1. Within the range 49-85, restricting attention to residues that are hydroxyl-bearing (Ser, Thr, Tyr) and surrounded by fewer than 20 Cβ atoms within 10 Å (Cβ to Cβ), which residue is nearest to Ile29 (Cα to Cα)?
2. When you scan the range 1-15, do you find a residue that is at pLDDT 90 or above, under 15 Å from the mean Cα position of the chain (by Cα) and not in a loop (DSSP other than H, G, I, E, B), even just one?
3. Taking only the range 33-48 into account, find how many residues are within 15 Å of Leu19 (Cβ to Cβ) and buried (at least 18 other Cβ atoms within 10 Å of the Cβ).
4. What are the pairs with Cβ atoms under 8 angstrom where one residue, in the range 22-49, is in contact (Cβ under 8 Å) with a residue 24 or more places away in the chain and charged (D, E, K, R) and the other, located anywhere, is part of a helix (DSSP H, G or I) and surrounded by 21 or more Cβ atoms within 10 Å (Cβ to Cβ)? Sequence gap at least six, or different chains.
Amino acid sequence: MLSRQGTDRETWGPYPLILVGAAVGVLVIFIADPRWGGFALGAVIMIAAALRFAGYGGQLALRGKKSDVITLSAFGFVMVLTSLLLYNNGLKALILSLFAP
């Protein structure tokens, strides 16, 4: 039988805060505006990356600290950028011109 040494209760850390923020972001996507809901969801994911970087793991700690921070930061940044590009044709053209030969 496996025993948990030194853990009387499971450490949740900031997981409930991130979960509630993600749920609010998804609700805003479906109810109000996809652009602002995606922005809020990406921001919550980047907050999760910052908390994981600061050492508040809890249930956010799935892999190593470095890979968690990189994955959460990249995904949050892409979510925020995508939400900003949804209805902004000028910004889309600017970003696409950066990659044009």
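The values are calculated or read from the model by the stated rules, or taken from the named source; none is laboratory data. Please read these numbers as outputs of a predicted model, since none were measured by experiment. All Cβ positions, glycine included, derive from the backbone under ideal geometry; neighbour counts span all protein chains shown.
1. Step by step, filter the range 49-85, then rank; the result is Thr82.
2. no
3. 5
4. Arg35/Ser83
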